[in-house]
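All remarks here apply to the structure that follows.
The values are calculated or read from the model by the stated rules, or taken from the named source; none is laboratory data. Just so it is clear, the model here is predicted, and its values are computed rather than measured. Neighbour counts are summed over all protein chains in view; Cβ atoms, including those assigned to glycine, are modelled from backbone coordinates with ideal geometry. These accessible areas exclude ligands, DNA and RNA; they are computed on the full protein's heavy atoms, side chains included. Shrake-Rupley method; radii C 1.70, N 1.55, O 1.52, S 1.80 Å.
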Amino acid sequence: MATFRLQGSKVLAVSMTGDAVKAKNGSMVAYDGQVAFKKMSGGGEGLRGMVTRRLTGEQMEVMEVRGQGTCWFADRASEINLVSLHGDKLWVEASNLLCTDAGLRTGTTFTGLRGGATGNGLFTTTVEGTGQAAIMSDGPAVVLRVTPQYPLQVDPGAYIAHQGNLQQHFQSGVTFRTFMGEGGGEAFQIRFEGDGLVYVQPSERNTVGGDV
């Protein structure tokens with residue numbers, strides 16, 4: 001299995017000994033050793049994954065990197081966070097996924113109605129199995145714990161990913177800016193209930209209606 005390590009907070013170094021990783025297309029910034037690159041179509045599991053992504057807009061441009069050596073990955077100076085999976089599942093926005101162990105399965109799952117936010121539609125990318133994944137954020141990510149006693153409301157523009165036994169609901173009619181008497185955003189929040197972790201970034205995506 002490839003070894004993931006961060007060099008600083010914005011560059012991911014992956015050491016391989018004949019194994020492979022899947023990475024965002026074009027994110028490799030340097031490498032040494034004997035390494036081969038192959039563009040993958042879609043990023044999901046086979047033809048069905050490709051069709052699903054085209055229909056949902058949850059498109060991933062992915063390349064397979066295989067060989068002996070070290071590759072360094074980065075994307076637009078984004079902050080990088082490592083997530084270790086032990087037979088569990090990670091839900092992550094496609095635009096925030098940088099790199100995974102090749103043995104991890106990627107797919108697409110329906111997550112509910114949540115308006116027309118650009119880059120995070122009705123479907124979310126899933127990463128499942130045992131291994132490591134690297135996710136990106138605009139600014140240092142914050143990992144928030146959700147427990148049955150303390151559900152969490154999240155601005156959809158700041159949401160990156162979540163893992164654990166969580167249920168998510170989309171509450172319409174209110175935004176975080178509404179509390180401050182400001183408008184211009186889409187009228188909904190994401191509510192997480194259960195037991196797990198939610199990753200958020202200190203920056204908001206632009207949506208069809210403006211900032212969320």
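If only one of A36, A77 is at pLDDT 85 or above and assigned to a loop (DSSP other than H, G, I, E, B), which one is it? Break it down stepwise before answering.
On the way: A36 fails: assigned to a loop (DSSP other than H, G, I, E, B).
Every option except A77 fails the conditions.
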Practice task
Go through the range 9-27 and count every residue that is hydroxyl-bearing (S, T, Y) and in a strand (DSSP E or B).
Solution key: 2
Completion exercise
Per the filter on the range 39-61, residues modelled with pLDDT of 60 or more, among the charged types (D, E, K, R) and part of a loop (DSSP other than H, G, I, E, B) are E61
Practice task
Would you mind finding the one in R177, R114 that is assigned to a loop (DSSP other than H, G, I, E, B) and either at pLDDT 90 or above or over 26 Å from K10 (Cα atoms) (or both)?
Solution key: R114
Practice task
Examine the range 133-150 for a residue that is of a type in the set (S, T, N, Q), farther than 24 Å from G107 by Cα, assigned to a strand (DSSP E or B) and modelled with pLDDT under 95, and state whether such a residue exists.
Solution key: no
Exercise for the section: Report, by residue number, each residue of the range 64-93 that is open to solvent by 30 Å² or more (accessible area, probe 1.4 Å), over 17 Å from L166 (Cα atoms) and of a type in the set (G, A, S). Expected result: A77, S84
Practice task
Go through the residues of the range 201-212 one by one and say whether even a single one is modelled with pLDDT of 70 or more, part of a strand (DSSP E or B) and open to solvent by 10 Å² or more (accessible area, probe 1.4 Å).
Solution key: no
Practice task
Looking only at the range 26-35, decide whether some residue is surrounded by 13 or more Cβ atoms within 10 Å (Cβ to Cβ), within 12 Å of A134 (Cβ to Cβ) and of a type outside the set (S, T, Y).
Solution key: no
